[in-house]
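> One structure coming up, written as C-alpha cells, with questions to follow.
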Amino acid sequence: MVCLKPITGCHPSRDRGQGVVEAIVVLPAFLILFSTLFQLFLLAMGQVYLSYAVFCAARTGAVRNADLDQMTAAAGLILRAFPGNIRSGEDRLKLEILPPAPGDEDHISDKRIHRDHLEILQVRAHWDFPLIIPLAGRMISGAVGSRKPGRHPTLSLSSTWSMPLWTNEQDPENGGERHAL
Amino acid sequence: MPSDTGQRGQILVLAAAFLLLGTTMLFSLFNLSLTVRDKVRLQMAADMAVLSALNVQANGLNSVAMGNRAILAHDAISAQLNALVSQASFYRKLMDRFRRLVRLIPTFGTILSQVMSVGGKTLERLARGITGYLIPAGQALNSLLIRERGLLLATLPIQSLRAARKAVELSSSGGRIWLPTQASLLRQARSVVRSLLPLKDIEVKRLIRGTVNPRTMRRNWDMRLGKLSLPLRKRGGTTIHPSDFRAHDVLRMKVLRRFRWRWRTVLSAESRASKFGYRSHGRILDMSSEGPPLSLTLVLKSARPEPSGGIPGPLPAITAASSGEIFYHRPGRPEEHPNTLNPFWRTRLIPVSDDPMAMRVLPRPLLKEIRH
C-alpha cells in the first residue's frame, strides 16, 4: 500500500485490513495459477499414459491378429490406472488402425484386416481427456478452442504407434493351422 | 526503519509453495515418462530375446532340413552313378555282341569293330572311375554333415540362451532374463532337439525313391516295328537295399522252348554301390509325431537405473514378458505337416496366454500385470 503522506506520519489504524485486501487480490490469482499448473500436469501425465496405452494396444494387436476389441481393452486397462477421478478409459478412447498406404482403405473392413496386405500395424488413439479442474479446465479448453458437451470440458489427446504384425500368416480363416503341430 | 519491514517476504512463501509444487509435478512427470520409456524398451527387449532364441531354433531345424536334403541328394547321386556303371557295362557287353556282326561288313567292318570295342571299354572305365571317385566323396560329405548336425543339435539350447542374452544386452540397459525362464528356455530347446528322431528304414527308402531320378529306378525299353512288338526287350532298374543300391540291366529275347514262348536272358549287367565304397544310407532326422513344445516365454526384469536429475531413492523394478513360437509354414501349402525335410521353419510372437508353459512358470502377480 502506498502512503502519500510522509512515512513517519502514516497512522497505523489506516493500514488495518490491508493484508486482507491484498490476500483477496493475490490468492485467487495464485489459486488459478496453481490449478492451471495442476491441470497441465494432469494433461501431460495423460499424454504419457496414452502413449503407453497405444503401445500396449499395438502390441496386443500385433499378436492378436489386429483384433480391435482386444486392442481397445488393453489400452483401456492402462488408462483405467490413471490416478484421480479420470475413469472410463474405454468409452472416451477411440482406436483406429491406419491403412497400410494412402488410398488403401478398402483393406480394412469393419474390424478385420486383410492380412496379406498389412505387415506393419499402425495404431492411432484419440482420448477425450476430461479437464476436471473447474476453472483451469475451462480456461485451457477455451484457449485451445475445444468445447464438447459434457460435465467437464475435454481436450483430445492423440498418439500413434507402429509395430510389425506377427499373425498375418497361418490365419485359421485362410486355411492354415494356428499351432504348428 | 520503514514500517513495512514486517511484510517483506510474504510473497516468498507463496512463490516457494508454487515452486515446490511445480518442481514435484515436473519430477514426477519426468519419472513417469522414464518408467514408460523403460517399460516399452524392456518389452521390446523381451520380444527381441524371444525371437532371437526361437530364431536360433528355427534356423537349427532349417539346417537339419537342408542337411537331410543334402544327405538324400548324395544318396540319390550314389544310386544314379551306380546305375550308370550298370548301364555302361550293359552297353559295353551289347557292343561286344554287335562287334561280331559288324566285323562281317566289308572294308570298314574291322575298324568299326575296333572303335566299338575301344569305345565300350572306355565308356565303362569312365563310368567306373567317376563312380569310384564320387561315391566315397558323397559318403565323406554325408558323415561330415551328420557330424555337423550333431554339433549343432548339441549346442542348440546354449546357443538359444546366448542369442536371447545378446538380444537383451543390445536392446536394453540393465535388463536381465529372469532365471526360471532361462531354465525353461533351455528345457524347451532340449525338447526340440530330443524330438528329432532317425527315420525308419522303410521311410528312408521311400524318400530316396522319391529323390532319385525316375529313369534310375526304371529304365526299360521294348523294340517295336510300328505297332508290331518285337520279341526283344530290355529291363533295368535300381533296387534299394537297407544299406546298398543294386542296379541291373537285362536284355531278354522271346524264344520257343518246350512249345511255349518264354523270355530268355541274353545279356545282363549288374552293379552294387557297396563295391565303390558306399557304406549305408544317410541318417535322416525327422520330428516325432508328438512334437516338442514350440512356444517359449521369457520374462525380463530390470532394476531401473536412477534417472539423471530425478528424485533420488530406490526405484521399483520393472518387468516385461513375451511369448513366441516356432512354426512350420510352406508357402502355398499351408496343410503340409511340420517336418525337417523342408526348410520352412519360422518364428513369430504370440500372446502370453497362448503359451501353456508360461501359465505354469510365471508368478501370479506378473500374469495379472501382463496385458498382451
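The values are calculated or read from the model by the stated rules, or taken from the named source; none is laboratory data. Values in this document were obtained by computation on a predicted structure and should not be read as measured data. Positions of Cβ are generated from backbone atoms using ideal geometry, with glycine treated the same way; all protein chains shown enter the neighbour counts. For the accessible areas, the whole protein counts, side chains as well, though only heavy atoms, and no ligand, DNA or RNA atoms are used. Shrake-Rupley method; radii C 1.70, N 1.55, O 1.52, S 1.80 Å.
> Return yes or no: is B:Thr155 closer than 24 Å to B:Ile71 by Cβ, at pLDDT 95 or above and of a type in the set (Ser, Thr, Tyr)?
In short, yes.
> Now a separate question. Can you tell me which of B:Ala46, B:Ala17, B:Ala79 is away from chain A (no Cβ under 12 Å) and either more than 30 Å from B:Gly175 (Cα to Cα) or open to solvent by less than 20 Å² (accessible area, probe 1.4 Å) (or both)? Before you say what the answer is, go through the steps one by one.
Values: B:Ala46 fails: away from chain A (no Cβ under 12 Å); B:Ala17 fails: away from chain A (no Cβ under 12 Å).
Just a single option satisfies the conditions, and that option is B:Ala79.
> Looking at this structure, is B:Leu61 within 13 Å of chain A (Cβ to nearest Cβ), surrounded by 19 or more Cβ atoms within 10 Å (Cβ to Cβ), touching a Gly at 6+ places or on another chain (Cβ under 7 Å) and modelled with pLDDT of 90 or more? Walk me through it before giving the result.
Numbers: within 13 Å of chain A (Cβ to nearest Cβ): yes; surrounded by 19 or more Cβ atoms within 10 Å (Cβ to Cβ): yes; touching a Gly at 6+ places or on another chain (Cβ under 7 Å): no; modelled with pLDDT of 90 or more: yes.
Considered against the rule, which asks whether it is within 13 Å of chain A (Cβ to nearest Cβ), surrounded by 19 or more Cβ atoms within 10 Å (Cβ to Cβ), touching a Gly at 6+ places or on another chain (Cβ under 7 Å) and modelled with pLDDT of 90 or more, B:Leu61 comes out as no.
> Take the conditions within 11 Å of chain A (Cβ to nearest Cβ) and in a helix (DSSP H, G or I) and apply them to B:Ala73. Does it pass?
no
> Now, a different point. Report the residue count in region B:265-304 for those that are assigned to a strand (DSSP E or B) and either over 30 Å from B:Ala320 (Cβ atoms) or free of Cβ contacts under 8 Å to residues at least 40 places away in the same chain (or both).
11
> Inside region B:333-354, can you point out the residues that are within 11 Å of chain A (Cβ to nearest Cβ) and not in a strand (DSSP E or B)?
Matches in region B:333-354: B:Pro334, B:Glu335, B:Glu336, B:His337, B:Pro338, B:Asn339, B:Phe344, B:Pro351, B:Val352, B:Ser353, B:Asp354.
> Here is a follow-up. Where the second residue is surrounded by fewer than 18 Cβ atoms within 10 Å (Cβ to Cβ) and basic (Lys, Arg) and the first is touching a residue at least 24 places away in the same chain (Cβ under 8 Å) and lies in region B:84-111, which pairs have Cβ atoms under 7 Å and are six or more apart or on separate chains?
B:Arg92/B:Lys121
> Do we have any residue at all in region B:147-160 that's surrounded by 14 or more Cβ atoms within 10 Å (Cβ to Cβ), closer than 30 Å to B:Met44 by Cβ and without any contact (Cβ under 8 Å) to a residue 12 or more places away in the chain?
Among the residues of region B:147-160, at least one is surrounded by 14 or more Cβ atoms within 10 Å (Cβ to Cβ), closer than 30 Å to B:Met44 by Cβ and without any contact (Cβ under 8 Å) to a residue 12 or more places away in the chain, which makes the answer yes.
Table: residues versus (1) among the aromatic types (Phe, Trp, Tyr); (2) open to solvent by less than 40 Å² (accessible area, probe 1.4 Å); (3) modelled with pLDDT of 90 or more.
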{"residue": "B:Glu306", "(1), (2), (3)": "no, no, no"}
{"residue": "B:Ala317", "(1), (2), (3)": "no, no, no"}
{"residue": "B:Phe344", "(1), (2), (3)": "yes, no, yes"}
{"residue": "B:Leu349", "(1), (2), (3)": "no, yes, yes"}
{"residue": "B:Val352", "(1), (2), (3)": "no, yes, no"}
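> Note down all Cβ pairs under 6 Å where the first residue falls in region B:25-43 and is under 11 Å from B:Ile318 (Cα atoms), the second is among the basic types (Lys, Arg) and buried (at least 17 other Cβ atoms within 10 Å of the Cβ), and they're at least six residues apart or on different chains.
B:Asp38/B:Arg304
> Moving on to the next point. Of the residues B:Val56, B:Val36, B:Val115, B:Val40, which is in contact with a helix residue (DSSP H, G or I) (Cβ under 6 Å, 6 or more places away or on another chain), among the β-branched types (Val, Ile, Thr) and away from every other protein chain (no Cβ under 14 Å)?
Numbers: B:Val36 fails: away from every other protein chain (no Cβ under 14 Å); B:Val115 fails: in contact with a helix residue (DSSP H, G or I) (Cβ under 6 Å, 6 or more places away or on another chain); B:Val40 fails: away from every other protein chain (no Cβ under 14 Å).
Sole residue among the options that is in contact with a helix residue (DSSP H, G or I) (Cβ under 6 Å, 6 or more places away or on another chain), among the β-branched types (Val, Ile, Thr) and away from every other protein chain (no Cβ under 14 Å): B:Val56.
> Of all residues in region B:184-223, how many are touching a helix residue (DSSP H, G or I) at 6+ places or on another chain (Cβ under 7 Å) and assigned to a strand (DSSP E or B)?
Adding up the residues that qualify gives 1.
> Output the number of residues of region A:21-78 satisfying the condition of being open to solvent by 60 Å² or more (accessible area, probe 1.4 Å), more than 25 Å from A:Ala136 (Cβ to Cβ) and either more than 9 Å from chain B (Cβ to nearest Cβ) or among the basic types (Lys, Arg) (or both).
Residues flagged as open to solvent by 60 Å² or more (accessible area, probe 1.4 Å), more than 25 Å from A:Ala136 (Cβ to Cβ) and either more than 9 Å from chain B (Cβ to nearest Cβ) or among the basic types (Lys, Arg) (or both) within region A:21-78 amount to 2.
> Output the residue which, of all residues in region A:114-132 that are surrounded by fewer than 20 Cβ atoms within 10 Å (Cβ to Cβ) and under 30 Å from A:Leu33 (Cα atoms), is modelled with the lowest pLDDT.
That would be A:Ile132.
> Next up: Just need a number here: residues in region B:220-248 that are under 28 Å from B:Asn82 (Cα atoms), touching an Asp or Glu at 6+ places or on another chain (Cβ under 8 Å) and either open to solvent by 40 Å² or more (accessible area, probe 1.4 Å) or not hydrophobic (A, V, I, L, M, F, W, C) (or both).
Of the residues in that region, 7 qualify.
> Residues to consider are B:Gly150, B:Gly119, B:Gly138, B:Gly129; find the one that is touching a His at 6+ places or on another chain (Cβ under 8 Å) and part of a helix (DSSP H, G or I). Quick ask: steps written out before the conclusion?
Working: B:Gly150 fails: touching a His at 6+ places or on another chain (Cβ under 8 Å); B:Gly119 fails: touching a His at 6+ places or on another chain (Cβ under 8 Å); B:Gly129 fails: touching a His at 6+ places or on another chain (Cβ under 8 Å).
The match here is B:Gly138.
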